[in-house]
Amino acid sequence: MIRRSSTPGQETLIGIRGVRWLTTILAIVLSTTRPSLGVTLVFQQGVDGYVGVSDTYLSQNTPATAYGSFVAIEWDNDDPPGTGLSNFALIRFDDIFGAGAGQIPPGSIITSATLTYTVNNSGNSGQVHEALVDWNESTTYSVFGTSPGVQSSDYGPLLAIASGSAGAQSVDVSASIEQWSAAPLTNRGWIIRPTDFNGVRFRSSQYTTNLAQRPKLTVVINEGTVVPTLVRQPYLQSATPDSIILCWRTDTNTSSRVRYGPAPGDLRNTVDDPSEVTDHIVPLTGLSPNTIYYYDVGTDTDILAGGDVDHYFTTPPPIGTRQPFTAWIVGDSGTGNATQAAVRDAMLALTGVTPPDVFIHMGDMAYTSGTDGQFTSNFFEPYRTILRHTVCWPTLGNHEGISSDSGTQSGPYYDGYVLPSGGQAGGAVSGTEAYYAFDLANVHFVCLDSHDSNRAPGSAMLTWLAEDIATTEQEWLIAFWHHPPYTKGTHNSDSVLDSGGRMRDMREDVLPILEAGGVDLVLAGHSHIYERSMLIDGAYDTPATAPGHVVDAGSGQPGGAEYVKSTRLSAHEGTVYVVAGHGGTTVGGTGNHPLMYFSEVANGSVLLTVDANVLTLQNIRSDGALTDVMSIIKRGNLGDFDHDGQIDVTDYNRFSLCFTGPAGNPLTTGCEPGDFDMDDDVDIEDFVVFQIAFTGL
Amino acid sequence: MRLHHGGFLHAGFALVAFIAIVSLVSAHPGLHHDIERISRLLEFDPDSVPLLLERGYLRRLDGDAEKALDDLQRARVLAPSNLDIARQLGLTLSALRRDAEAEKELTRHIAGGNPAADTLAERARIHARNNRPDAALIDYADSLALFGDIDVYLERSRLQISLGRFEAAAAGLRSGLNRTGGAVSIRLALIRVETQRAEYDEVLKLIDEMLFRQGIKTQWLMRRGHVLRVAGRVRQADQAFTEALSEANRVLSRNRSAIHLVSRAKVYRAMGRRAEAVVDLQAAIVRSPRYTEAVATLKELQAEGREQP
Ligand SMILES: [Fe+2]
């Protein structure tokens, strides 16, 4: 993923931030009501429908007279001349705060506020204060405040000096507007007190000759700094037993902060990144395996999401651990339509409160062209409640390939994902995010790029693949990419013209490497159908045929028909191939590929579970029906009761129990691995053979 | 385990392959959705250069360079000075091996001053195909300066090696190795070049870096042994093969699968212990009868055995 900034013009405008780390709720409310960037609002009586100005002056000489209807107002401390009696100007702008058009919206950041007035009779400057008592245009000197006249308790501290020079003059009233923005009812306007004997008169809101000379309040809000909103909710990437990467996108450049900890109310760890970006990538390291962490994300001043029970992640167990996990397999989903949602909801209904541990996407996640906007609306948005707690491992589809380029790892796909090009999640270093590996529990996953990377023998990708699988010590090997090696759905894998020959290339050049490496399951999409093969091996020809390539033609269904392989990775013992291109778009095809055991032209997704030596796969149709189920069991060699690939003390103890225990069908007593001669009894003949296996003689 | 296996499969369903046609939507093999979409738009706006350019690009991606060329040539007539059309035309003509025309178009795009890495790499390939290695190397270098595509690093090094320029090949691969954070495909290519250059200590460094990583090390220890043997360091080579053997044994003690039996057979073979290699290969074939590599290696060994009784 490459960090993106918004336009350079916006980058330079970062300034004050208004909202501190208050509470999550407040921050979310503020961020969702945030107004747009850098707006200038003008309030002037009679202009654009605004009629909220009150202005008048208080005359000590005529204490019972109201001057609200006068076309000019004044400040003066010698009126009539020689008396030393004062006049005080009052001006207020009402109805300036609110969610209406032209108003200052709640939560706005006040960049500046300027009061402009036009002096038609110049004199000495005045002192501007916020008025602290209520008044209107009928108010007179006698009734201003609780006692006649202007007392020091009737106004606040000195705010600014108002010029008395002729013509248009301005006063900075930002502090008042900022304060009143938070509490609009405290807006009682300003009072201007005279400083000397030479009085000043300026045009009031009643002045009709030239409306432009009426008092004007100009407020600039949110210039360069706003509470950012989330364009992409937080999502998780590249999880390992001790690390994870949190990503999210904001609408403006901001810093990044993640807080995480053992409970939503105890986010005791903080990771900060001061760089101002819109695509936020925050790696968390030093985590404990198999541990749940809650988190929130935001900027150094604002929480933007999280801090609740829905925002969490669970680190994977240590590599090699036989801990059950579930993976959700989805392909060709990126329509953003109701079908995609139905497929998703069928999975959520089935899994209930225990969501899948990982989400593996087969590509074509952002129709029609994998643009940035299509990624947001057709992938990040529909899956946002899943992506915030479930890591997604993707592969590039041809629709993403229209806008993204694997050679240069650029475009929305590579911007959006952070994938382990350096072998960080297990396996060999690929040096690219286009193809990569990761370990999860006791499974090694390999992701290939069937669309845009060189697929030829000797290419970087195939060289990497062979190296990668030669070094893995995991019990299971699962590979995935976009273009299926076998399909008769909306694409035909036997046609070399279909999809630029990519399906043939993967079948002819990639499968031999994988099957020699003992691959157990290959997942793909692209063809809009669900297809699941028998246990097959070596079917590399074009067109693909079944004879000679079917290791087990049975159903693979649990309860006795499971496909059986040796423990750990074994070359050419058979692989199950799945096409899961049914995740959200129109399905089709004949579904009559000779290597498939089950095909269904209906939308859905696949749930994969690996529990120690048993792999199980279910097809969840979008109406909730489970229409296909298949299991592969890895059985140890005879004598290897716990299927860990070794005949050791644990197996010795199990054998002893079977040998000395009551007779019974070894298949039902769990004693099958001890029945070497298959006479349905664990007896002395078996003991002799077991002894040899145990001692290695 | 979170899943429930029982109760959801209908009786009788289990034994038959089942095709449920719930949609009558017909398939369009090879016909890309986006190409169709753009074709519909083009019906209303047949002279749209952006649409022709996009459809041409997509048709090339879809493997149909001939049709792509039709679109792009029409676009060219409508917008003769458009450099994006030159780029797409160049890439498409190159895919059709019409090298002279392709080169002309790519050059036009590159001369525009804002070349793409793939355009430069494609022109490099055309130069290389047409025996202009020096021009190819310049374009490869320019392409890699824009972006470090692993396959382009490998291609360039193959050309350099074919010209006998081992030092340049090694230097280029080394820079690629650093730039990609240690891509294993570049590492292997660099190991081959450095071995050819007799820079054995460099090779050993490249190998030893991998021995610190997790996972099965048999293959890397074998590589170590072979390099030491080529370097004439017989005792160290023997030591490396002995280590490879103990690694192979370690792995086999956890998993006696055909893959690891074949690995050990290769170690035995390298150590000259042919009989033990044959036993392992035979055992591997018993376990995985379809394992072609095991069968082929066994045949080779048996042939060697006949030659050297
Ligand atoms: Fe596709």
- For helix B:184-196, what angle does its Cα long axis make with the longest principal axis of chain B, in degrees from 0 to 90 and rounded to 10? 60 degrees
- Item | Sequence ranges A:295-302, A:622-629, ranked by mean other-Cβ count within 10 angstrom, highest first | A:295-302, A:622-629
- Message: Output needed: percent of Cα pairs per 10 Å distance bin for chain B, bins running from 0 to the one holding the longest distance.
- Response: 5, 17, 18, 17, 19, 16, 6, 0
- Item | Spatial extent of the stretch B:41-114: Rg and Dmax, with the Cα atoms as the point set, Å | 11.6, 35
- Nitroxide proxy distance, nm - points 7 Å out along Cα→Cβ at B:Leu78 and A:Thr83: 8.3 nm
- Query: What is the Cα centroid distance between the stretch B:46-114 and the stretch A:539-578, reported in whole angstrom?
  - Reply: 45 Å
- HN-Hα J in Hz across the stretch A:478-485 - Karplus 6.51, -1.76, 1.60, θ = phi - 60°, x for Gly and Pro: 10, 10, 8, 6, 7, 8, x, x
- Task: Arrange A:Ile281, A:Ile161, A:Ile177 by Cβ neighbour counts within 10 Å, fewest through most, would you?
- Result: A:Ile161, A:Ile281, A:Ile177
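Using Cβ contacts closer than 10 Å as the measure, can you line up A:Trp328, A:Trp135, A:Trp75 from fewest to most?
Working: A:Trp328 25, A:Trp135 21, A:Trp75 30.
So the residues, fewest neighbours to most, are A:Trp135, A:Trp328, A:Trp75.
Have a look at the DSSP beta bridges in chain A and tell me what percent are antiparallel, nearest 5. Write down the numbers at each step before the final one.
Details: 113 of 138 bridges.
Roughly 80 percent of the beta bridges in chain A run antiparallel, per DSSP.
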- Just counting partner chain Cβ atoms within 10 Å, what average do the residues of peptide B:183-192 show around their Cβ? 6
- Message: Given Cα positions, please report Rg to Rh for chain A, the hydrodynamic radius being the Kirkwood one.
- Response: 1.22
- Message: Between A:Val353 and A:Asn136, what is 0.36 nm times their sequence separation minus the Cα-Cα distance? Round to one decimal in nm.
- Response: 72.0 nm
- Item | Estimated FRET transfer efficiency (B:Phe212, B:Arg233; beta-carbon r; R0 25 Å; 0.05) | 0.70
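If the chain between A:Asp300 and A:Phe694 were fully stretched, how many nm would it gain, using 0.36 nm times the residue separation less the Cα-Cα distance?
135.7 nm
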- Query: Say R0 is 60 Å: what FRET efficiency, to the nearest 0.05, do A:Ser288 and A:Asp94 get from their beta-carbon distance?
  - Reply: 0.55
- Item | Surrounding net charge for A:Gly199, when Lys and Arg each add one and Asp and Glu each subtract one, Cβ distance under 14 Å | -3
- Message: Just to verify a number: FRET efficiency for A:Ala101 and A:Asp242, C-beta to C-beta distance, R0 = 56 Å, to 0.05?
- Response: 0.60
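Dipole magnitude of chain A about its Cα centre, charges +1 at Lys/Arg Cβ and -1 at Asp/Glu Cβ only, in debye to the nearest 20? Working shown, then result.
Working: 33 positive and 77 negative charges, 619 e Å.
That gives a dipole near 2980 debye.
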- Query: According to a simple spin-label model (label point 7 Å from Cα along Cα-to-Cβ), what is the distance in nm between A:Leu211 and A:Asp683?
  - Reply: 11.1 nm
- Query: If you check each cysteine of chain A for another cysteine whose beta-carbon is under 4.7 Å away, which ones come up empty?
  - Reply: A:Cys247, A:Cys392, A:Cys447
- Query: Among all the aspartates and glutamates, which ones have a C-alpha under 13 Å from B:Lys217's C-alpha, if same-chain residues fewer than 8 places away are not counted?
  - Reply: A:Glu467, A:Asp468, A:Glu473, B:Asp208, B:Glu209, B:Glu243, B:Glu247
- So, with points 7 Å from each Cα along the Cβ direction, the A:Ala175-B:Ser253 label distance in nm works out to 7.9 nm
- Task: Pull up the cross-link candidates among the aspartates and glutamates for B:Lys104, meaning alpha carbon to alpha carbon under 20 Å and not fewer than 8 places away within one chain.
- Result: B:Glu66, B:Asp70, B:Asp71, B:Asp84, B:Asp118, B:Glu122, B:Asp134, B:Asp139, B:Asp142
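Give me the inter-chain shielding for A:499-508: mean count of other chain Cβ atoms within 10 Å, whole number please.
On the way: counts 6, 10, 3, 3, 0, 0, 0, 0, 0, 0.
Neighbouring Cβ atoms belonging to other protein chains average 2 per residue here.
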- Per-residue average of other protein chain Cβ atoms inside 10 Å, peptide A:598-610 -> 3
- Task: Can you bin the stretch A:325-634 into rounded, prolate or oblate? Criterion: square roots of the alpha carbon gyration tensor eigenvalues sorted a ≥ b ≥ c, rounded for a/c under 1.5, prolate for a/b above b/c, oblate for the rest.
- Result: rounded
- Query: Residues with beta-carbon under 11 Å from that of A:Ser430, excluding A:Ser430: net charge, scoring Lys, Arg +1 and Asp, Glu -1?
  - Reply: -4
- Ranking of A:Glu381, A:Glu531 by count of other Cβ atoms within 10 Å, fewest first: A:Glu381, A:Glu531
- Which of the peptides B:293-300, A:504-511, A:192-199 is most tightly packed, and how do the rest follow, going by the mean number of other Cβ atoms within 10 Å of each residue? A:504-511, A:192-199, B:293-300
- Message: Checking understanding here: applying a Kyte-Doolittle mean of at least -0.5 and a length along the axis of at least 18 Å (C-alpha), which whole DSSP H helices in chain A pass?
- Response: A:338-351
- Which lysines, on any chain, are close to B:Lys299 with Cα under 18 Å apart, when same-chain ones fewer than 8 places away are left out? B:Lys266
- Where does helix B:33-44 land angle-wise versus the long Cα axis of chain B, in degrees 0 to 90, nearest 10? 10 degrees
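Which value, in debye to the nearest 20, gives the size of the charge dipole of the stretch B:115-197 about its Cα centre, when Lys and Arg are +1 and Asp and Glu are -1 at the Cβ?
Values: 12 positive and 10 negative charges, 57 e Å.
In debye, rounded to 20, the stretch B:115-197 gives about 280.
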- Task: Report Rg (one decimal) and Dmax (nearest whole number) for the stretch B:115-197, counting Cα atoms only, units Å.
- Result: 11.8, 36
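None of the figures in this text is laboratory data; all of them are computed from the coordinates on show. The structure displayed is predicted, hence computed values, not measured ones. Cβ atoms come from the backbone with ideal geometry, glycine included; neighbour counts cover every protein chain shown.
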